[in-house]
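Note sheet for the following structure.
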Amino acid sequence: MALIEVKVPDIGDFADVSVIEVLVKVGDTVKTEQSLITVESDKASMEIPCSANGVVKELKVKLGDKVHEGSVVLMLEAGASAPAPSPAKPASAPMPSPTPSPSAPLVSSGSSLIEVKVPDIGDFKDVSVIELLVKPGDSIQIDQSLITIESDKASMEIPSSAAGVLKELRVKIGDKVNIGDFIAVVQGSASVAAVPKDSSQTNAPTVNASSASSPVNSGAPVPSTPINAQGTGAMPSHQPGTVLSASVSVPHASPSVRKFARELGIPLEEVKGSGLKGRITHEDVQAFNRSVMQGAISTKAQQSKGGTTGSSSGAALGLLPWPVVDFAKFGPIERKPMSRIKKISGANLHRNWVMIPHVTNHDDADITELEAFRVLTNKENEKSGVKVTMLAFLIKACVASLKKFPEFNSSLDGDDLVYKSYYNIGFAADTPNGLMVPVIKNADTKGVLQISQEMGELAKKARDGKLSPAEMSGATFTISSLGGIGGRYFNPIINAPEVSILGVCKSTMQPVWNGKEFAPRLMLPLSLSWDHRVIDGAAAARFNAYLGQILSDFRRVLL
Ligand code: CAO
């Protein structure tokens, strides 16, 4: 079967337009007229249809590529039902160009009032006005877009043929326009209508034989690739049944709105349009962006990486959709928005949980002597106002363990491990607004008393919502202590890009066998979560064992 190149047909004055959507993939069976890709200039977007029936063997373009007339879009294995190559059929009109119509007449010569007309837009007939881009009183330039019009498969902005002040817009949203319709009155000085153009600048229908596709490895006559099957060129007409579902889901938005959304990184398909027939406006994109920035909503991509669970569809992970339940059906409910901190930390926790292969080792450390020393220290330092809690000792003990096992103080960066020679220890703080993680910087250079004092200050700031971003950044390892509250063990979630975290629960007196008898010992439950991409189970067990040794005899910190 013949392998043919499907090329971009005559698209009028468009040169180097961007591919913004690829609507088919290798292996797809496609039909003549079926849209293959969407291309977009700064003023118009259009779908490029297939010139034959067949199976897509190879895609020659990808998102972001620039194409022009004659660019090969894909290689097609022409099917049995594919039309035989026929001599190039003249297209009656090229793809409409946004170039202003040279025929836009002056209302009256000598007057500065200029009537702007819809230029040659190829075979567009009765095309809907979907957006007004200017209003009376606006100063406008030649070529500035005035309105957007849209058919089933393409939208384009109609530019002004005159510069000046817009006196009147003669169309409104929903109106149907055709070539030559007056759309605006401009009071101004310059009009391209007054400037004679050569034929290459006009939008007059042209026949462009060079747009033809040619069968590969064949000197046979080449089939024409008109923009649509009727050979009428211009705007591809809507052929029922030939539109891919992919193109059906393409949101309605003008090229400039699409460009705006792309610049902001906004997924247009998630924006609800408030315009005519659900069309997405500039304002819709802005409002969506604002809501994302404020954390009021998250995009599907954010959700898949760690958005708030309640609103995540789960589809991006190939999971079942999140259950939608009418809770009020079962009893009274109250709905409250989550705090900003909860939303932000939730998204981070979700990402970390999904992206890091966590393993948690549980162990117990004998802190009997350390606790006695802590109580004594607090008694001796009563007047200083600084209270030492077990967490300050843990920070110091962890620094010693991190020094002995440096991979626990590292981060993954691509295929590299970044080992840090500084020891900044984050500690989870429970606040009325949610979880925060202040950081004790350079904990290796500080004593337990200083760490206790800093921890007290940072914890207070966290509760008062006064922590600065600098006070929450740069951690190399984190401790999450629930010791003041209770519990036995838990699985703390690693705080990326760190590779491990220590969870601590409440110490309890336990009967511990000392070789001769069971003796009462104060045992501290430790839960060390580690990133299995970086750390092995044996190293984690050694880390915990070493940490336990230090906590049971703190003099080891000095070694
Ligand atoms: N075992 C037994 N008692 C402990 C203990 C432990 N492991 N850790 C602390 N305690 C005791 C303290 O000694 C103190 O007792 P006294 O009042 O009798 O002296 C009491 O519990 C309260 O301690 P604390 O919690 O105020 O102090 P801290 O230094 O241990 O912790 C801070 C400070 C900010 C970490 C803590 O207040 C906090 O917010 N913890 C919650 C962290 C959290 O939410 N983690 C979960 C993250 S995952 O969602």
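Listing for the model above:
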item	result
Hits in segment 514-539 - residues which are open to solvent by 40 Å² or more (accessible area, probe 1.4 Å) and either within 16 Å of the ligand (Cβ to nearest atom) or within 25 Å of residue 375 (Cα to Cα) (or both)	514, 518, 520, 521
Check on residue 37, open to solvent by 20 Å² or more (accessible area, probe 1.4 Å), of a type outside the set (Asp, Glu) and part of a strand (DSSP E or B)	no
Subset of segment 141-177 that is of a type in the set (Val, Ile, Thr) and open to solvent by 10 Å² or more (accessible area, probe 1.4 Å) - its residue that is nearest to residue 257 (Cα to Cα)	173
First in segment 505-530 and among the β-branched types (Val, Ile, Thr), second anywhere and assigned to a strand (DSSP E or B) and within 11 Å of the ligand (Cβ to nearest atom), Cβ under 9 Å, 6 or more apart	508/522; 508/523; 508/524; 508/525; 512/523
Top-ranked residue of segment 386-420 - restricted to ones that are more than 17 Å from residue 442 (Cβ to Cβ), β-branched (Val, Ile, Thr) and touching a residue at least 12 places away in the same chain (Cβ under 8 Å), ranked as nearest to the ligand (Cβ to nearest atom)	389
Set 345, 339: member being in contact (Cβ under 8 Å) with a residue 24 or more places away in the chain and either more than 23 Å from residue 298 (Cβ to Cβ) or within 13 Å of the ligand (Cβ to nearest atom) (or both)	345
Residue among 45, 51 that is of a type in the set (Ser, Thr, Tyr) and in a strand (DSSP E or B)	45
Top-ranked residue of segment 502-511 - restricted to ones that are closer than 14 Å to residue 363 by Cα, assigned to a strand (DSSP E or B) and open to solvent by 10 Å² or more (accessible area, probe 1.4 Å), ranked as farthest from the ligand (Cβ to nearest atom)	510
Selection status of residue 383, more than 16 Å from the ligand (Cβ to nearest atom), open to solvent by 70 Å² or more (accessible area, probe 1.4 Å), more than 37 Å from the chain's Cα centre (by Cα) and more than 25 Å from residue 558 (Cα to Cα)	yes
Complete set of residues in segment 445-460 that are hydroxyl-bearing (Ser, Thr, Tyr) and open to solvent by less than 60 Å² (accessible area, probe 1.4 Å)	452
Condition met for residue 551 (in contact (Cβ under 8 Å) with a residue 24 or more places away in the chain, open to solvent by less than 50 Å² (accessible area, probe 1.4 Å) and under 30 Å from residue 347 (Cβ atoms))	no
Hey, residue 332 closer than 30 Å to residue 493 by Cα and either open to solvent by 60 Å² or more (accessible area, probe 1.4 Å) or away from the ligand (no atom under 15 Å from the Cβ) (or both) or not	no
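Here's the yes/no breakdown for (1) within 13 Å of the ligand (Cβ to nearest atom); (2) open to solvent by less than 40 Å² (accessible area, probe 1.4 Å):
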residue: 422; (1), (2): no, no
residue: 429; (1), (2): yes, yes
residue: 442; (1), (2): no, no
residue: 462; (1), (2): yes, yes
residue: 465; (1), (2): no, no
residue: 475; (1), (2): no, yes
residue: 480; (1), (2): yes, yes
residue: 483; (1), (2): yes, yes
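The values are calculated or read from the model by the stated rules, or taken from the named source; none is laboratory data. All of these numbers come straight from a predicted model, not from anything done at the bench. With ideal geometry, Cβ positions are generated from the backbone for all residues, glycine too; neighbour counts draw on all protein chains shown. When the accessible area is computed, the model is the full protein with side chains, heavy atoms only, and any ligands, DNA or RNA have been set aside. Shrake-Rupley method; radii C 1.70, N 1.55, O 1.52, S 1.80 Å.
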